[in-house]
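The values are calculated or read from the model by the stated rules, or taken from the named source; none is laboratory data. What you see is a predicted model, and the numbers here were worked out from it, not measured in a lab. Don't worry about glycine lacking a Cβ; one is built from the backbone with ideal geometry, like all the others, and counts go over all protein chains shown.
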Amino acid sequence: MVLNKILKNVLHEYFENLKLFKNYFRPLTFIKSWVVNCRGLFYVKAGHCSAFVAVDFIEKAIVLAYRGTDTKWQLAHEAISLLFEDKVPSVFGYGNVAFYFDDIFNQLDSLNVTEVIYNLIRIYPNYDLWITGHSLGGALASLAAAKIVHSRKIPQERIKLMTFGQPRTGDSGFAYEMEKELSFYNYRVVRGKDVIVHVPHEDYAHYSTEIFYDNDMKEASQWKYCYGGDKNMSCSKKYDFEMPTYPLCISTKLFIPAKFN
């Protein structure tokens, strides 16, 4: 239920109209939001990067969501940065992540995003923690999940990470740690020929498990589990290197299989 609400509206509506978010989602109690002028290549300002936290007292869940790429200018900086900037060590101490994603995550986290989460965990010790994001936001969500699970402030079985159209965020070492440390509920949702999920390419890897929609992703659309990350050629990997036939951004009208509600 919580994630279904996020998928259909929150990730888009919140950032476009915070007042609408507060009024429409009465079961969700808004806690705090953060916006930074995220740095691009050569530390040029390249758009806004955002996150917010809410609590669902009905579903007993803390919700952390990250916004996706804001503008074409930001997308250009993202693409160039991923090509030319080095990776940095992951929070796990094993594996590396893209400097661009790590830098933006730290810009937001310097405003105490995860500290707010830790405080909510102390207040609501029996609540699950949902972490989500689209595109760039998916990469940031995965880094947030990595930091939080590594902190051991909440049992890993209560962290539920689900991203949408997430680019490759780190190397195979990072992917391995994500699978090991977040083994209970960790999914990447991919739509058809979305090219964003196939970048960056060189020396980067996806972690499992992928939920793949090889269609236009309507409410009754078929989907499949795809294990094995980039090694599974029967899912989104089969479209690697192809030009996308769908828009690069995923529609806000997404639907999650009943199993994940």
(request) From Phe174, Phe105, Phe164, grab the single residue that is under 10 Å from the mean Cα position of the chain (by Cα) and aromatic (Phe, Trp, Tyr). (result) Phe164
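Listed here are the residues, each with its yes/no results for (1) among the hydrophobic types (A, V, I, L, M, F, W, C); (2) free of Cβ contacts under 8 Å to residues at least 12 places away in the same chain; (3) in contact with a strand residue (DSSP E or B) (Cβ under 9 Å, 6 or more places away or on another chain).
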| position | (1), (2), (3) |
| --- | --- |
| Thr114 | no, no, yes |
| Asn119 | no, yes, no |
| Pro125 | no, yes, no |
| Gly137 | no, no, yes |
| Ala141 | yes, no, yes |
| Ala145 | yes, no, yes |
(request) Output the residues belonging to the stretch 31-56 that are modelled with pLDDT of 90 or more and either closer than 17 Å to Leu111 by Cα or among the hydroxyl-bearing types (Ser, Thr, Tyr) (or both). (result) Ile31, Lys32, Ser33, Trp34, Val35, Ser50, Ala51, Phe52, Val53, Ala54
(request) Among the numbered conditions (1) more than 22 Å from Glu179 (Cα to Cα); (2) modelled with pLDDT of 95 or more, tell me where Asp70 comes up short. (result) (2)
(request) Within the stretch 133-159, track down each residue that is outside any helix (DSSP H, G or I), at pLDDT 95 or above and of a type outside the set (A, V, I, L, M). (result) Arg152, Lys153, Pro155
(message) Of everything in the stretch 208-238, what is modelled with pLDDT of 80 or more, buried (at least 18 other Cβ atoms within 10 Å of the Cβ) and not in a loop (DSSP other than H, G, I, E, B)? Give them in sequence order.
(response) Glu210, Ile211, Phe212, Tyr213, Cys226, Ser236
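Residues of the stretch 187-202 being more than 16 Å from Gly95 (Cβ to Cβ) and either of a type in the set (A, V, I, L, M) or in a loop (DSSP other than H, G, I, E, B) (or both), which ones?
Within the stretch 187-202, Val189, Val190, Gly192, Lys193, Asp194, Val195, Ile196, Val197, Val199, His201 meet the criteria.
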(request) Any chance you could count how many residues in the stretch 160-186 are of a type outside the set (Ser, Thr, Tyr) and part of a helix (DSSP H, G or I)? (result) 8
